[in-house]
1. Search the range B:429-460 for residues being in contact (Cβ under 8 Å) with a residue 12 or more places away in the chain and within 12 Å of residue B:391 (Cβ to Cβ), and hand back the single one that is farthest from the other protein chains (Cβ to nearest Cβ).
2. Quick one: residue B:474 ticks every box in (1) facing chain A (nearest Cβ under 8 Å); (2) of a type outside the set (A, V, I, L, M); (3) open to solvent by 30 Å² or more (accessible area, probe 1.4 Å) except a single one, so which number is it?
3. Do you know which of the residues in the range B:495-509 that are within 11 Å of another protein chain (Cβ to nearest Cβ) and touching a strand residue (DSSP E or B) at 6+ places or on another chain (Cβ under 9 Å) is farthest from residue B:57 (Cα to Cα)?
4. Give all pairs with beta carbons closer than 6 Å in which a residue from the range B:372-384 that is open to solvent by less than 10 Å² (accessible area, probe 1.4 Å) meets a residue that is aromatic (Phe, Trp, Tyr); count only pairs at least 6 apart in sequence or on separate chains.
5. Do we have residue A:24 as part of a helix (DSSP H, G or I) and within 20 Å of the chain's Cα centre (by Cα) here?
6. Could you check the range B:9-27 and list, in sequence order, the residues that are open to solvent by 60 Å² or more (accessible area, probe 1.4 Å), closer than 16 Å to residue B:73 by Cα and of a type in the set (A, V, I, L, M)?
7. Just name the residue that is nearest to the other protein chains (Cβ to nearest Cβ) out of those in the range A:196-216 that are in contact (Cβ under 8 Å) with a residue 60 or more places away in the chain and assigned to a helix (DSSP H, G or I).
Amino acid sequence: MSGFGFPALIALILIPLVTAVILLILPKENAALIKKVAISGSLVALVYTVFLGIGFASSIDTPVQYFVSYPWIRGFGITFAFGMTGLGLLMVALTAFLTPIVLALTDTSPTNGASARGAFVWLLLAQFCALGVFLARDLFLFYVLFEAMLVPIYFLIGRYGGAKRAQAATKFLIYGLFGGLVMLVALIGLYVSARSQLGFGTFDMDVLSSAIDLSGSTAVWIFLGFALAFAIKAPLIPFHTWLPDSAEQAPVGTSVMLIGVLDKVGTFGMLVVLLPIFPVVSAQFAPLFIVLAVAGIIYAALIAIAQTDMRRLLAYVSISHFGFIVLGIFAFTEIAMTGAIVYMVAHGLATAGMFLILGELIERRGTANVSDFGGVAKVAPRIAGIFLFSGLATLALPGLAGFVGEIMVLIGAYQRYQVAAVIAALGLVLAAVYVLWMYQRVMGGEPTSQVTKFQDLRTSRILVFAPVLIALVMVGVLPQAVIAPVQPEITQLQTSLGVAPAEPLLAGGSE
Amino acid sequence: MMQMPSIDYFALLPVLLIFGFGVVGTLIEAFVAPRYRRVTQIWVSFAALGSALAATIGVAVSGRLGVTAGGTVSIDGPTLFLWGAILVAAFLASLLAAERHVDPSGDAFVGRASTLPGGEEERKVTTLGLLQTEIWPLMLFSITGMMLFVSASNMLMLFVALEVMSLPLYLLVGLARRRRLLSQEASLKYFILGSLASALLLFGIALLFAYSGSLDFAEISISITTQLQTSGLLLVSVVLIAVGMLFKVGAVPFQQWIPDVYQGSPTPITALMAGAVKVAAFGALLRVFYVALGGLRWEWRPIIWLVAILTMVIGSLLALTQNDVKRMLAYSAVANTGFLLVGFAGADQTSVSSMLFYLATYAVATVAAFGLLSLVRGPGGEAAEISAWAGLGRKEPLLAVAFGVLLLTFAGVPFTSGFVAKFAVFTAGAEGGALLLVLIGALASVIAAVFYIRLIVVMFFTEPPREAPVVAIPSAFTAVAIAIGVAASVLLGVIPQPMLELAQQASVFIR
């Protein structure tokens, strides 16, 4: 069932790359044209993704769709192998959905003396890497794209960011490279183990997860290498400190790509690398992840409340929410894992809504400090409305996207780790505090003198925000659309982890 | 009557061509009018390198491998591959040496080496535009030595080749046009330390002869494997030989000469040393330790482990503290020596092929990097202080992007040849059981990445200084060398398979 009979996925991945190359040919000065071409390219990718989604029909026997594979470095058994799993489809859809919106809200005037063309090119390259990493079926290819992802974001922060952009970009890159190089050692270890067991070297993710036996101390070290890289990327505390700095200095569109899309690779990697390839070791280390996840949920939420810069605040909110995702993954129950995946999508959408509307505020006020605002709701009700809506999605209001994921994770986690689930539930309360308090301080009250000059959101901008808001409602109301594609994978993971499938609670359906 | 050893002139043709053209070069000095000398010398050198490369390919295609010249020279896979790498790197370095447009007063070399630095005579020579054209035959003689060095299968030949390689270099190092005292100091330092290393090597050879009764690699190997007990004499000789060889590759703790000599030398000679000489030194190291001393690998491996760790860590750490781009590249060369030693310490079948690939790709990239460095100029010649490079990305995007690509190659970022090379040597190390070395190598890579990134930050993310250096427009010579280096770094990162295959086919030593 390889779909279209031609390398459909490679074509998809190439769309942003080709668009980026076209942008480089266009004259640097004509930023409006560059923006139009960039958006067109990303819309083509979006439409194409929709078609791929319609043709997607995974089952327990064929969880990977549209599979293509070409030899790349034969000496090491490395291939250009791409295939779409249900989770991959969701992440690709999220990427393809958010990219045009981010591009549409990207400024066309030069920033820090650098032309806007670069920003569009790097954003498209970030999309290219993201699509590639979500579709890679060769672990080496996955690693390469995982590392390559750092470069576009590095330049986006370093060239187009705020006053301390160079430090933030460097910190981002060093953390990323550190994780990546530790993963490289693990990758080499895995390769050597696979080669000694199979007699030939391979990075094929299906072969690695089915044909080789990884247990014992070497496997633990290899597992930890991968786990560290994913924990830094996710980020899980205590490996999170790069994220607030990056978010504070990065342009908001970059933050959306980084936090909304690319950071998902951390939890994505846990689901497609750690659990399938190291089921035994994953089970051994699950409690450690649960502890880190729960600690992260509470700690990051508390820190978020104390933030004065809204970008930092949102970064900590995201760290707290990544904790929920990790909790769901490592609770190992079907409902928690499904919830974690729903949450990955929901978080991407909610983050996009929050950061992008925050971008509107920053554009008007030149700062993201909570105390520099006040009374925005009176002057700019549209901005306030979108802000509130995205905020409510973030704090998991029932009916919006965040709720489904969060509640599924908590229910699923409760089946195995009652204490952890109860503590994590406190995160829900704290979420209400940081979101609503921020809303009250920024939007409520009487407008300050600087705020009174604010213009409300233009109608054209509303059209850009509308898809995000609609998607937040859709995922909240019809979570089945997100759950259905990943069912075969979840079942497969449950089998390989040796966990009894079909917990009774799923029938009760919390959605 | 003395029996003449049989010599396979065809197999030795590449060496004979280089040597023969070198001799022609000395005759040119005697018989060609001064104003035609430079151009004649350049084309003689290019003819030498080109014909030698063609002859090397011819020998490889004919498959006429074997030990010749009375058992002193091995023509085998590694020899031919390394000859190719040396010739290509030397060709690129020669292109840099032929450059005349970058420095307004001539090429990179002093007009008359005999003049006093800063003296009246020196000024006169400069105004007359005299050039020291003897550098060309000197370079050819040094290259002859390099080629014999990697193919020597007899300890005496090894030593002679080492001296043939080094003596012209000692001279060439002292011939810089600018900052002559620094250059002469570098020359003297290199000469003294190099002689010491040669002496230690010779002493080691003598002790090994005392132990085994032979200078021939194959016979030494047999005598080591047949005698059950390892004697102290043997171990001392191995250590002395190791010191002599590790000095040439620039491993810690024998690296002190590298930064001073790299900084003081005329940049084309620095490029020659960082590229071709490094290939030659590692080639000889491989043959001596794998062929002659292969039976002792359990004895020498711990030493190499220690040296590899020290080289990687200290090389990277010291590079961090540098404020001069040329010195930074010198320490980067030290760190890269450490990474190569990881593959070497693996002492596995794949070690040789991975190191061959690494050497070839690194040599080409490093020559291009020094070529780029020579273009950024201040009033006193090259402006190598890192602060002077600020904002180069905005002023000279082409140069900065090219240098950025090379820095990413050295850092081993995916899709560059440096990444594939690093992956290959680390895998070889891991297969040989040196996973700890691989881990330390990965951590050292993070440190190394920091200083490469620092330069990228300076070039792309900072404002140019008030008195920014001028970027010279090079002639086609330098431009071609840089273009080849940058293109190879990207191409061999994306499509490494053919080169890896070649290295794999070439990885078997003939004893």
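The values are calculated or read from the model by the stated rules, or taken from the named source; none is laboratory data. The model shown is predicted, which means the values in this text are computed figures rather than measured ones. Glycine gets a Cβ as well: all are built from the backbone with ideal geometry, and neighbour counts include every protein chain shown. These area figures cover heavy atoms from the full protein model, side chains too; ligands, DNA and RNA do not enter into them. Shrake-Rupley method; radii C 1.70, N 1.55, O 1.52, S 1.80 Å.
1. B:459
2. All conditions are met except number (1).
3. B:495
4. These pairs meet every condition: B:372/B:403.
5. On the way: part of a helix (DSSP H, G or I): yes; within 20 Å of the chain's Cα centre (by Cα): no.
So residue A:24 fails the test.
6. Those that are open to solvent by 60 Å² or more (accessible area, probe 1.4 Å), closer than 16 Å to residue B:73 by Cα and of a type in the set (A, V, I, L, M): B:13, B:16.
7. A:208
Conditions (1) outside any helix (DSSP H, G or I); (2) more than 23 Å from the chain's Cα centre (by Cα), marked per residue:
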| position | (1), (2) |
| --- | --- |
| B:457 | no, yes |
| B:482 | no, no |
| B:488 | no, no |
| B:493 | no, no |
| B:502 | no, no |
| B:510 | yes, yes |
